[in-house]
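The values are calculated or read from the model by the stated rules, or taken from the named source; none is laboratory data. Everything numeric in this text was worked out from a predicted model, so none of it was measured. Neighbour counts run over all protein chains shown; Cβ positions are idealised from the backbone, glycine included.
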Protein chains: 6
Amino acid sequence: MPFVTIEWFEGRSDAQKAEVARGVTDVLAEVGKMPADQVWIRFVDVPKADWAIGGEIQGPPD
Amino acid sequence: MPFVTIEWFEGRSDAQKAEVARGVTDVLAEVGKMPADQVWIRFVDVPKADWAIGGEIQGPPD
Amino acid sequence: MPFVTIEWFEGRSDAQKAEVARGVTDVLAEVGKMPADQVWIRFVDVPKADWAIGGEIQGPPD
Amino acid sequence: MPFVTIEWFEGRSDAQKAEVARGVTDVLAEVGKMPADQVWIRFVDVPKADWAIGGEIQGPPD
Amino acid sequence: MPFVTIEWFEGRSDAQKAEVARGVTDVLAEVGKMPADQVWIRFVDVPKADWAIGGEIQGPPD
Amino acid sequence: MPFVTIEWFEGRSDAQKAEVARGVTDVLAEVGKMPADQVWIRFVDVPKADWAIGGEIQGPPD
């Protein structure tokens, strides 16, 4: 543990994911006092066509 | 908040998702007494090949 | 299927949950053309102390 | 109920999923004393590029 | 990986959870060809008052 | 969006959650180029009795 799930709009690059993974892991390891290698992160790239806010789908199909 | 996740078999149209998004948001805003724009919904289209009921995968691979 | 997860702030009554469950199930059954008894819904009552928006925890501990 | 979610690296075959679905359902039905047909399982095939351990993305993009 | 989430009605004993954890891990390790110590399982005990099937809440509040 | 779920062992203080919330939000806003107020984070405090690694429950019941 911990297991972190990041659900966001698709479109971020692999470089951005790598940087987020490092940053989030650092925060958890430092503040949570846990070994970094115990931090698992899963990115979920969500099409805007599958995300609604206020009842409105956020984008056209891919 | 709230965050609503709808996991279902893939195959619904974008029009169906839009209608479900509106309907579910209306229900939550009205019954839950919350602003509609605070309702986030995520649709997860699941292939039948990735869903099992009673130990049986529900469909062939795509 | 489908499996619906509703994560929201704790504090809604059982009557509100019952009404939301009926309303959401109706929407899914009608729009999604699926039998109502195939709709599973799980409510997740989240303390405000466990929810952050914009980096700010939304409430004091219970 | 229950609803079981299995998040793992993509790459397992349909035959493996079928065997896991049967095995996990058997365990739950037997130990949990519940009808097998009440066990729903969803497989989530995650690209290694979307999974980080210890701050390191586990694989190149597909 | 993998990360397994088991959402079910509260009420199972710790002995049942332990047995399910061992059984599910065995299945995944054997069929999925992965080291057992890479299998993480999280149990989520859900009150029946928070679970609806067919629009009906499955039990009274605790 | 995004919606971040952090599942970890219970026991962290509210001060630690607040600091993690700020740190994770900063990382996402900066690297992901998104407004901080669009970042929602949910903490899930999991009893060790509900978490298994390698088939072994990680702690006694509360």
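Brief remarks follow.
- For segment E:1-33, the candidate set comprises residues that are more than 13 Å from the chain's Cα centre (by Cα) and in a loop (DSSP other than H, G, I, E, B); within that set, the residue that is farthest from F:TRP8 (Cα to Cα) is E:LYS33.
- Members of segment F:18-29 found to be farther than 23 Å from A:ASP50 by Cβ and surrounded by fewer than 22 Cβ atoms within 10 Å (Cβ to Cβ), listed by number: F:ALA18, F:GLU19, F:ARG22, F:GLY23, F:ASP26, F:VAL27
- Residue within segment A:34-41 that is surrounded by 21 or more Cβ atoms within 10 Å (Cβ to Cβ) and over 12 Å from the mean Cα position of the chain (by Cα) present: yes
- Summed over segment F:6-29, residues that are under 13 Å from F:VAL44 (Cβ atoms) and among the charged types (D, E, K, R) total 4.
- Against the list (1) more than 9 Å from chain B (Cβ to nearest Cβ); (2) closer than 25 Å to F:SER13 by Cα; (3) modelled with pLDDT of 95 or more, the condition C:ILE53 fails is (1).
- In segment D:44-59, the residues that are surrounded by 17 or more Cβ atoms within 10 Å (Cβ to Cβ) form Cβ pairs under 8 Å with partners that are of a type in the set (Asp, Glu) and in a strand (DSSP E or B), at six or more places apart or across chains, as follows: D:VAL44/D:GLU7; D:VAL46/D:GLU7; D:ASP50/A:ASP45.
- Residue within segment B:30-43 that is of a type in the set (Gly, Ala, Ser), facing another protein chain (nearest Cβ under 7 Å) and closer than 24 Å to C:GLY54 by Cα present: yes
- When segment F:3-14 is filtered for residues that are facing chain A (nearest Cβ under 9 Å) and either crowded, with 21+ Cβ neighbours inside 10 Å or over 27 Å from A:LYS48 (Cβ atoms) (or both), the ones remaining, listed by number, are F:PHE3, F:VAL4, F:ILE6, F:GLU7, F:TRP8, F:PHE9, F:ARG12.
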